[in-house]
Number of protein chains: 2
Amino acid sequence: MGRFKLLFLDRNSSVPLQTQLTNQLKELIQRGQLTAGETLPSSRDLATDLRISRNTVVYTYDRLISEGYLHSRMRSRVYVAETAPELHRAARGATRKRQSVRPPASVSRAGGSNAPIPFRPCQPDVQLFPLEMWNRLRNRALRTTDRSLLHYNSAATLGIRELRENLAIYLRESRGVKCEWWQVAITTGSQQALYLLAQLLLKPEDRVYTENPGYQGAVRAWRAAGAQINYMAVDGEGAVLPHFAVDTPKLIYVTPSRQFPTGVSLSLARRLALVNGAPDSCCWIIEDDYDSEFRYDAAPLPSLQSLDAGGRVIYTGTFSKLLFPALRLGYAVLPVALVECFQTLKSIVDDHGPIIDQATLAAFLDTGAFYAHIRRCRRVYAERQQAFLYGIQKGSLPLELRYRDGGMNLTGFLPRGLNDRAVSERLRMAGLDVPALTSYVAGEQEHLEGGLVFGFTAFTEERIRQGVETVIRVGLLDS
Amino acid sequence: MGRFKLLFLDRNSSVPLQTQLTNQLKELIQRGQLTAGETLPSSRDLATDLRISRNTVVYTYDRLISEGYLHSRMRSRVYVAETAPELHRAARGATRKRQSVRPPASVSRAGGSNAPIPFRPCQPDVQLFPLEMWNRLRNRALRTTDRSLLHYNSAATLGIRELRENLAIYLRESRGVKCEWWQVAITTGSQQALYLLAQLLLKPEDRVYTENPGYQGAVRAWRAAGAQINYMAVDGEGAVLPHFAVDTPKLIYVTPSRQFPTGVSLSLARRLALVNGAPDSCCWIIEDDYDSEFRYDAAPLPSLQSLDAGGRVIYTGTFSKLLFPALRLGYAVLPVALVECFQTLKSIVDDHGPIIDQATLAAFLDTGAFYAHIRRCRRVYAERQQAFLYGIQKGSLPLELRYRDGGMNLTGFLPRGLNDRAVSERLRMAGLDVPALTSYVAGEQEHLEGGLVFGFTAFTEERIRQGVETVIRVGLLDS
């Protein structure tokens, strides 16, 4: 019943219990926490455990069977279907007649403010962003081009040239990325880059290696491509690489600068093993460098891409964290061999992205305002990190903050035996947003350490102090 | 010390001496000019040699040790680390296999102005767009929300709620579309809606029916899903539908308001045959209503979606043509059964689109500025259409302009036997952009009529007159 402890039904919600249960079971299956062939508890047992009526469970199982998620053998036991988590199947199997005037639970989320609350990870402080400057540059770009920025731009599938050129300069100088401007592809967030790369590079059943714990948006992209996913554990040197002598994956996805979410940096030895050891024939490497700009002590290790002689490393990044998330501008630096097919697929997926923001960002890079903004953020975030660390140390909290050389988050590892999800849930009840480390885990999570992922960049020192006091008050141990 | 003579520190640079020294030592190692196991000068010697403080050298060595480049034995001498040889091998490989510096042909297109030239189809006149009003609404949205628009918005996968609500109102009122706000999904252009739908609804080998001639962006989306494509001819009643008695396609794609690019409107009889006749079991219908707003005479026929009782019609549209193309905002109105899976796939493909433009558009709809703009465009475009028709008639050109009740384009059918691509090429040489009708044809084109597709909306009456004169001068017959 272990995994079913994750089920949590909210009796105060307007969403019916059966809908809640259905959605949560679907999610467990889609996340791979319930895998094909696995047995579900009997309706009687689950009903008792969740303190709901047995019929609610029976109807939920029936619905999930009809939707193809579950399977029932000999009318006794219910299993996760062999074909279950495949998203496309859900769509194809959808019955058209099921019209209702209530939105599905997953889309009924209210609007309200979406300002992050402490300590949501990976959130920049949007109040630091020089919005007036940005707007001035935007207006200037519109004025000086006599509105030509408003036109359709058939040459902009991978982004407008000015932005790609200025970004290439930045990446060469700051991260040693080796590239020409036309290898830089602008995408809708880095998520789109990962999706497009998964579609281009992976056939069904191809093997991909991905970090665990890791960025789940990437895992979803591999899954959508039908790939077979192998999880790399993460230790003190970063991701534990596959044995290339016995294994030839198609794609390896890493976050070398600061592993997400643990924060450990991939050691130089592993970087070299990766770029030199991965089999020549077929292996691509995606280096997701989502926040290397925020390093407060030493300079970062060389990017994988800069170490790679074989043209096999694809470097991806985002402006969501440097500027503001709602901008949704990410990028990939593509090996020469991938430029054309990436462009073709991007043109089918959405033709091209919005132009005015790209022109504004190009000017923002060009005038140096970008660099000034990064420097300012780096200074402020370093202070906030110190404020956070000071509070945690003063409170003698049982959190081991192993990796603290930079980034936007600090992962506090919990003593063995503590259930990080339960702690995270208690903090949520107290008004904090501190994800459990294991919430970034796909597949098995038996042997993985628990922890809490604290983002500190979006909050003033005062809010950080208050937040840490709340953590101290709630406590981490008595779960 | 020979190799260390290569070190050169620039005292006038804004880059700190320590950073300069660090970078240059790294480079020596990466280039293989310093190899594994080699001893570095003592900090005292190197400092004397470079005339810098000894601490600068000590700190530099410390940093390179921590980054794995150097190694220190018995606290006396500093060596190049064992892992380093790989570095220079990688670097040498890079120069050896030096990547091509020329972009692939398909990506080398120059920037330059992308303002459309007569008579490029489907281009709005961006000079008519009330940009100042748009910018005011944008600034107001940013101001009144205290920058919360800049945050990541996990509830905005299908667009922000205000926009979906206002758009639902518009579509209900103007096109009779039956929908709740949460069935409206905002996409990056309507192209993304078509791509996502193709991925959701089609498995490889599923049969899709699509118009021929027709919108080739749609055909590419079906092809990317591996579907088997059947082409529907287009006659005076619009697309010629499949025989549902003998055929059960998975998806039918039509542009009923004005077939693209011929301009013919799907007859009411065929509309009814489509929504009532398509087999219940599996058939989805996409109604791409890309420019029904621009109808200058009669009111448009009811949308397919409004006629459909079975929840099988997916209605798609775009703001590219109503506002400006670079905005890249499109939408789909989804049957209830598709909302969740569309949202899931969209979240994998690009998480969500940019937010500020969406908030601005929501306000633009809300204030009524949108409606005023449409009315203005309709008036101006109607005049331009008249100017175009007048010119063509006066010039006695052999063009049969069959469908002239609205839209942004007029298709002139050519006399049988004329090669429309050759004519289009002659016009291109004369400085005009008039695509051949058969350039919108996929698959066989043996029995299809030739023609020219003239867009008239982006050009002043004066430019239209000049353009028509050029057509008359070039002539259409002597190919």
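Computed values, structure above
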| quantity | calculated |
| --- | --- |
| Failed item in (1) in contact with a Ser or Thr (Cβ under 8 Å, 6 or more places away or on another chain); (2) in contact (Cβ under 8 Å) with a residue 40 or more places away in the chain, with residue A:420 passing the rest | (2) |
| Residue match in the stretch B:296-303 (condition: modelled with pLDDT of 90 or more and of a type outside the set (D, E, K, R)) | yes |
| Count - residues of the stretch A:293-303 that are facing chain B (nearest Cβ under 10 Å) and in contact (Cβ under 8 Å) with a residue 40 or more places away in the chain | 5 |
| Output for the stretch B:268-280, where each listed residue is in a helix (DSSP H, G or I) and either aliphatic (A, V, I, L, M) or free of Cβ contacts under 8 Å to residues at least 12 places away in the same chain (or both) | B:268, B:269, B:272, B:273, B:274, B:275, B:276 |
| Residues satisfying the stated conditions in the stretch A:34-48, i.e. among the acidic types (Asp, Glu) and within 32 Å of the chain's Cα centre (by Cα) | A:38 |
| Test for residue A:331: is it in contact with a Lys or Arg (Cβ under 9 Å, 6 or more places away or on another chain) and over 24 Å from residue A:218 (Cβ atoms) | no |
| Residue within the stretch A:406-415 that is within 14 Å of residue A:263 (Cβ to Cβ), of a type in the set (Ser, Thr, Tyr) and surrounded by 20 or more Cβ atoms within 10 Å (Cβ to Cβ) present | yes |
| Count - residues of the stretch A:296-328 that are over 19 Å from residue B:26 (Cα atoms), among the charged types (D, E, K, R) and surrounded by fewer than 24 Cβ atoms within 10 Å (Cβ to Cβ) | 2 |
| Any hit, the stretch B:428-443, residues being acidic (Asp, Glu), in the same structural domain as residue B:389 (by TED's automatic domain parsing) and modelled with pLDDT of 95 or more | yes |
| Wholly enclosed strands (runs of 3 or more DSSP E) of the stretch A:281-343 bearing at least 3 residues more than 14 Å from residue A:171 (Cα to Cα) | A:284-288 |
| Count of the stretch B:218-273 residues which are under 30 Å from the mean Cα position of the chain (by Cα), more than 30 Å from residue A:342 (Cβ to Cβ), of a type in the set (S, T, N, Q) and surrounded by fewer than 20 Cβ atoms within 10 Å (Cβ to Cβ) | 0 |
| Whichever residue in the stretch A:307-324 is in contact with a strand residue (DSSP E or B) (Cβ under 9 Å, 6 or more places away or on another chain) and facing chain B (nearest Cβ under 10 Å) and, among such residues, is farthest from residue A:287 (Cα to Cα) | A:323 |
| Unmet criterion (only one of (1) over 27 Å from residue B:386 (Cα atoms); (2) outside any helix (DSSP H, G or I); (3) of a type in the set (Ser, Thr, Tyr)) for residue B:265 | (1) |
| Filter result for residue B:206 (among the acidic types (Asp, Glu), over 24 Å from the mean Cα position of the chain (by Cα), more than 10 Å from chain A (Cβ to nearest Cβ) and surrounded by fewer than 20 Cβ atoms within 10 Å (Cβ to Cβ)) | no |
| Matching residues, the stretch A:124-168, being in contact (Cβ under 8 Å) with a residue 60 or more places away in the chain, at the interface with chain B (Cβ under 8 Å from one of its Cβ atoms), farther than 23 Å from residue A:181 by Cβ and not aliphatic (A, V, I, L, M) | A:129 |
| One residue from B:367, B:344, B:360 being more than 18 Å from the chain's Cα centre (by Cα) and free of Cβ contacts under 8 Å to residues at least 60 places away in the same chain | B:344 |
| Candidates B:406, B:431 - the one that is farther than 26 Å from residue B:289 by Cβ and either small (Gly, Ala, Ser) or in contact (Cβ under 8 Å) with a residue 24 or more places away in the chain (or both) | B:431 |
| Count of the stretch A:137-187 residues which are among the hydroxyl-bearing types (Ser, Thr, Tyr) and more than 26 Å from the chain's Cα centre (by Cα) | 5 |
| Single unsatisfied condition, residue B:290 versus (1) modelled with pLDDT of 95 or more; (2) within 14 Å of chain A (Cβ to nearest Cβ) | (1) |
| Unique residue being modelled with pLDDT of 95 or more, surrounded by fewer than 24 Cβ atoms within 10 Å (Cβ to Cβ) and among the hydroxyl-bearing types (Ser, Thr, Tyr) when the list is B:347, B:281 | B:347 |
| Answer from A:106, A:113, A:154 - the residue that is in contact with a helix residue (DSSP H, G or I) (Cβ under 7 Å, 6 or more places away or on another chain), surrounded by fewer than 15 Cβ atoms within 10 Å (Cβ to Cβ), modelled with pLDDT under 95 and outside the structural domain of residue A:16 (by TED's automatic domain parsing) | A:113 |
| Subset of the stretch B:172-205 [touching a Gly at 6+ places or on another chain (Cβ under 8 Å) and at pLDDT 95 or above] | B:184, B:185, B:186, B:187, B:188, B:189, B:190, B:191, B:192, B:193, B:194, B:202 |
| The stretch A:388-422, subset in a helix (DSSP H, G or I) and of a type in the set (Lys, Arg), residue farthest from residue A:471 (Cα to Cα) | A:421 |
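The values are calculated or read from the model by the stated rules, or taken from the named source; none is laboratory data. Bear in mind that the values here come from a model prediction, so they are computed numbers and not experimental data. FYI the Cβ positions are ideal-geometry reconstructions off the backbone, even for glycines, and counts take in every protein chain you see.
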